[in-house]
Amino acid sequence: MNIHDSEKMIGLLSESGYSAIANPENADLIIFNTCAIRAKAEQKFYSQLGRVKILKRKNKNLKIAVAGCVAQDARERIFQKAPFVDYIFGPQNIHKINDLLSKNQDIATEENRDIAFEEFTARRQSNIKAWVSIMYGCNNFCSYCIVPYTRGREISRPSSSIISEIKDLARQGYQEVTLLGQNVNSYRSDIGFVDLLKQIDAFAINRIRFVTSHPRDFSVDLIHALSKLQSLCGHIHLPLQSGSDSILKSMNRGYTYKEYIKGIELLRNRMPNIAITTDIIVGFPGETDEDYLYTVKALKEIEFDGIFAFKYSKRKGTKAFEMSGQITDHIKSERLTYILSLQEEITYKKNKELEESVQEVLIEGPSQTDTLMLSGRTRSNKIVTIPNSSEVTGSLIPVRILKARRHSLDGINAALETALTSE
Ligand code: SAM
Ligand code: SF4
């Protein structure tokens, strides 16, 4: 979400003559687009902020802006720690960026539900894959989470505006679109989420993804859409957070483990090969060994294709911040380490099941680790590397999976292989 917000900012700034450069030492403007989800992300920002102070001493015209969730949450703290900051604006006030820059020093952190009606011309990082916001904010107030306080109440973009943005991306030749929202299942404007998906499915975009779905609002209609609509990719990110019902309750997640599992079963009954990924938090206040073991059991039982796992991080202003039973960092680290190593084995096993299968891969460019190889993703969102035989970036090719690794798959262009063997 932050990456796409940055794309929107760059789009707006290019209208007033700015362009992005690689080296901050040559910049006239540096924007920190911050994340407040965990303390670590916030700390990283503060340490980077210290570095640009030196640049400002060298270049008197340099302006520093702080955007994103830390800007929204901690504007006083930012000015206290770094009085050299010129502008502070929150996620709901991105569109004001050019106005702010016309002032000497300014702040824009007021609530702005009209953000959903803004039309942004994002300057996208990729010309193959695009993010598209379909809604802003969140109403869920999970007890650990800062997002509802920084991104405001949930509001959906009108479907006509989303559809015209995607039509435009299709015209430009984009192959993949990911619809973005904190809880896409609760998208509701003039139409609901499943109807939106049906309308989007009609355009010439090969791959549609969406993130994130909330297990509480996961419906049979959505499962049906996933199995029927051609453009929807066979992958869903469905954050479980914990396998313990008492922790889920105190997290205010609105579902039990049994209800979560029921959704997974319905999904897998209809789409046995669907990839499912999740988010897990360990060390939530009050998490006993028994609660934690329920999460371990859940991972073994469900066998996710991948997980993002985090140590619970105290966020001031949230309900969980005040809760008794805070867990020591040592225990959180132990629990996280075990869960990550368990999941590595499960992911490897799931990847192994794909050996010898043929997968559609969207080629994204040279591999980051080996320039003789190309890298892309399957519809299930797994990274695949193939030998570079001049496949065009942005093309969709059939790939035979030769070897599973823990975090990726090795393959070969199956069309090329067939052509070679028939010669
Ligand atoms: N809206 C999405 C949802 O409900 O699944 C995800 C939003 S959040 C940006 C991504 C993940 O960060 C959450 O699923 C959760 O696992 C994690 N997270 C949020 N707040 C956290 C906290 N205080 N400590 C640790 N992890 C946290
Ligand atoms: Fe945070 Fe929960 Fe909203 Fe996700 S659904 S953004 S975890 S409050």
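In order along the stretch 62-74, phi translates into HN-Hα couplings of 5, 10, 10, 10, 10, 10, x, 6, 5, 4, 5, 7, 9 Hz, rounded to whole numbers, per the Karplus curve 6.51 cos²θ - 1.76 cosθ + 1.60 with θ = phi - 60° and x for Gly and Pro. Values of log10 I(q)/I(0) for the stretch 63-183 across q = 0.18 Å⁻¹ run -1.02, by the Debye formula with one identical scatterer at each alpha carbon and no solvent.
What are the equivalent ellipsoid semi-axes of the stretch 236-354, built from the alpha-carbon gyration tensor (square roots of five times its eigenvalues), in whole angstrom, biggest first?
26, 16, 11
Each Cα pair of the chain feeds into the Kirkwood radius, which the Stokes-Einstein equation turns, at 20 °C and 1.002 mPa s, into a diffusion coefficient of 92 µm²/s. Each residue of the stretch 206-216 was assigned a 3J(HN,Hα) from its phi angle through the Karplus expression (A = 6.51, B = -1.76, C = 1.60, θ = phi - 60°), giving 6, 10, 10, 10, 8, 7, 10, 9, 9, x, 5 Hz with x at Gly and Pro.
Averaged over all directions, how much area does the convex hull of the C-alpha atoms of the stretch 1-134 cover when projected, in nm²?
Over all viewing directions, the stretch 1-134 projects a mean Cα-hull area of 8.4 nm².
Listed values for the stretch 297-311 are Karplus-derived 3J(HN,Hα) couplings in whole Hz (6.51 cos²θ - 1.76 cosθ + 1.60, θ = phi - 60°), namely 4, 4, 4, 5, 6, 7, 6, 5, 6, x, 9, 10, 10, 9, 7, and x replaces Gly and Pro.
Could you compute the net charge surrounding Leu362? Neighbours are other residues with a C-beta less than 15 Å from the C-beta of Leu362; K and R count +1, D and E count -1.
Here the charged neighbours net out to +2.
Loop-located trypsin sites (Lys or Arg not before Pro) across the stretch 361-420 with a Cβ neighbour count of 16 or fewer within 10 Å are Arg405, Arg406, with loop assigned by DSSP. Pairs of alpha-carbon atoms within less than 8 angstrom and 6+ residues apart define the contacts here; what relative contact order does the chain have, in percent? Across the chain, relative contact order equals 10 percent.
Stokes-Einstein, applied to the Kirkwood radius of the stretch 272-423 over Cα pairs at a viscosity of 1.002 mPa s and 20 °C, places its translational diffusion at 121 µm² s⁻¹. Label 7 Å along Cα→Cβ of Leu402; the stretch 360-379 residues with amide nitrogen under 12 Å? Output list for this probe position: 373-374. The count of lysine pairs in the stretch 282-409 whose Cα atoms are under 21 Å apart, excluding pairs fewer than 8 places apart on the same chain, comes to 22.
Per-residue ellipticity at 222 nm from helix content only, as computed over the chain with -39500 (n - 2.57) for each DSSP H run of at least four residues, stands at -11000 deg cm²/dmol. Among Glu360, Glu290, a tally of other beta-carbon atoms within 10 Å of each Cβ gives an order, fewest to most, of Glu290, Glu360. Neighbour counts of other Cβ atoms within 10 Å put Cys69, Cys138, Cys35 in the fewest-to-most order Cys35, Cys138, Cys69.
Any read-out appearing in this document is the output of simple, stated calculations on the displayed coordinates, not a laboratory observation. All figures in this text were calculated on a predicted structure; none of them were measured in a lab. Every residue, glycine among them, receives a Cβ derived from its backbone with ideal geometry; neighbour counts consider all protein chains shown.
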